[in-house]
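Peer 1: Submitted below is the structure of interest, expressed as structure tokens.
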Amino acid sequence: LPTNTYIPGQNGHMGPRFMSESAPDAVGSLWDELGPWLAGTGIVLRPWQELVAQRAFEVDQAGGLCWRTVVVSTPRQSGKSHLLKAVALCRASHPDLFGEPQTVAHVANRHVAARRIHTLAWGWAERNGLLVRTAVGGERIIWPDGSCWNVNTLTNVYGESAGAVLLDEVWDVTGEDYREGLRPTQVERSMPQLWAFSTAHRRAQGLMPELMADGRAGRARTLLADWGAPVGAD
């Protein structure tokens, strides 16, 4: 897909304003296995979501993830919540692909924002025999092998050890919370990855622009997928 421009795609879908080029050491993508599994559960992603997932799960010759951080910026009501749910379920349901039982830490600027997305998976989890805890402040979906998808806050994530961190509404998250609270949770994990989701916002903190700049510059193993308005748009 052409990068750094809007290109009409199939069936009128639009390409991203900017998307990082494929990792130079990529030899394939775990999405080739995860995508069909997800579709088999009845969860259908939109083309843009499929594109992001395919690229985000690129792996090198040794089978390790090429991208350490995945940054997704879209307009409101584009479906980023459903992509977040899909990533959480795929990670926690496939510990064999990631080298160990998975802890998915789901964090947003406000607890209610993370809880709202977590509730979207409760019915699916119960139908598949998973343990679902719904108490406010203790929301968890737990797999038989101990893998789990937890709702965390920026303060209670301290002490957590997470293979995947899903950080939503990043426009309202500071760099200090990110570096001091979230990054250290992944130090000892075999295939750590942080996903940062956000819409644009005039009150954005410095973190989201910083992560987007890393992606545009090709720094820090950061994949950027940006569906923003083109420069000069009304």
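The values are calculated or read from the model by the stated rules, or taken from the named source; none is laboratory data. Source: prediction; values computed, not measured. In this analysis, Cβ positions are derived from the backbone assuming ideal geometry, glycine residues included, and neighbour counts consider all displayed protein chains. For the accessible areas, the whole protein counts, side chains as well, though only heavy atoms, and no ligand, DNA or RNA atoms are used. Shrake-Rupley method; radii C 1.70, N 1.55, O 1.52, S 1.80 Å.
Peer 1: So which trypsin sites (Lys or Arg not before Pro) in region 45-79 are both in a DSSP loop and have at most 12 other Cβ atoms within 10 Å of their Cβ?
Peer 2: Counting only loop positions with at most 12 other Cβ atoms within 10 Å, the trypsin sites (Lys or Arg not before Pro) in region 45-79 are Arg76.
Peer 1: Give me a comma-separated list of calculated 3J(HN,Hα) values for region 136-143, in order, Karplus coefficients 6.51, -1.76, 1.60 applied at θ = phi - 60°, integers in Hz, x for any Gly or Pro.
Peer 2: Whole-Hz 3J(HN,Hα) from phi for region 136-143: 4, x, x, 5, 8, 10, 10, 8.
Peer 1: Moving on. Please compute, for the alpha-carbon atoms of the chain, the extent along each of the three principal axes and give them in descending order in Å.
Peer 2: 48, 37, 32
Peer 1: Determine the distance separating the Cα centre of region 160-205 from the Cα centre of region 109-144; give it in Å without decimals.
Peer 2: Taking the Cα centre of region 109-144 as reference, the centre of region 160-205 is 19 Å away.
Peer 1: Take the Cβ-Cβ distance between Ile142 and Arg221 as r, set R0 to 35 Å, and report the resulting FRET efficiency rounded to the nearest 0.05.
Peer 2: 0.70
Peer 1: Using only Cα atoms, what is the ratio of the radius of gyration of region 148-234 to 2.2 N^0.38 Å? Don't jump to the answer; show the numbers that get you there.
Peer 2: Working: Rg = 14.0 Å, N = 87, 2.2 N^0.38 = 12.0 Å.
That ratio works out to 1.16.
Peer 1: Then there is this: Given the C-alpha atoms of region 49-115, compute the convex hull and give its volume per residue in Å³.
Peer 2: 104
Peer 1: Next up: Any idea what the relative contact order of region 146-234 is, in percent, if you count C-alpha pairs under 8 Å spaced at least 6 apart?
Peer 2: RCO, region 146-234: 29 percent.
Peer 1: For region 127-234, which chymotrypsin sites (Phe, Trp or Tyr not before Pro) pass both filters: DSSP loop (anything but H, G, I, E, B) and at most 13 other C-beta atoms within 10 Å?
Peer 2: Tyr158
Peer 1: Which whole-number percent gives the relative contact order of region 29-114, counting Cα pairs below 8 Å spaced six or more residues apart?
Peer 2: Taking the mean separation of contacting Cα pairs over the length of region 29-114, I get 24 percent.
Peer 1: Out of all DSSP beta bridges with both ends in the chain, state the antiparallel percent to the nearest 5.
Peer 2: Around 35 percent of the beta bridges assigned by DSSP in the chain are antiparallel ones.
Peer 1: Divide, for region 182-224, the radius of gyration over alpha carbons by 2.2 N^0.38 Å, where N is the residue count.
Peer 2: Dividing the Cα Rg of region 182-224 by 2.2 N^0.38 Å gives 1.30.
Peer 1: Kindly write out, for region 175-184 in residue order, the coupling ³J(HN,Hα) from the Karplus curve 6.51 cos²θ - 1.76 cosθ + 1.60 (θ = phi - 60°), rounded to whole Hz, with x marking Gly and Pro.
Peer 2: For region 175-184, the Karplus-derived couplings read x, 5, 4, 5, 6, 8, x, 8, 4, x Hz, x marking Gly and Pro.
Peer 1: Normalised by the number of residues in region 105-151, what is the relative contact order in percent for Cα pairs under 8 Å and 6+ residues apart?
Peer 2: 36
Peer 1: Tell me the per residue accessible area of region 74-184 using a 1.4 Å probe; a whole number in Å² is fine.
Peer 2: Normalised by residue count, the accessible surface of region 74-184 is 40 Å².
Peer 1: Rounded to the nearest 20 Debye, what is the dipole magnitude of the chain about its Cα centre when Lys and Arg each give +1 and Asp and Glu each give -1 at the C-beta?
Peer 2: On the way: 22 positive and 24 negative charges, 132 e Å.
Around 640 debye, computed over the chain.
Peer 1: Excluding Asp96 itself, what net charge comes from residues whose Cβ is under 13 Å from its Cβ, given Lys and Arg +1 and Asp and Glu -1?
Peer 2: Around Asp96, the surrounding residues sum to -2.
Peer 1: With a 1.4 Å probe and every protein chain kept in, tell me what percent of the accessible surface of the chain is carbon plus sulfur.
Peer 2: Answer for the chain is 51 percent, counting heavy atoms of protein chains only.
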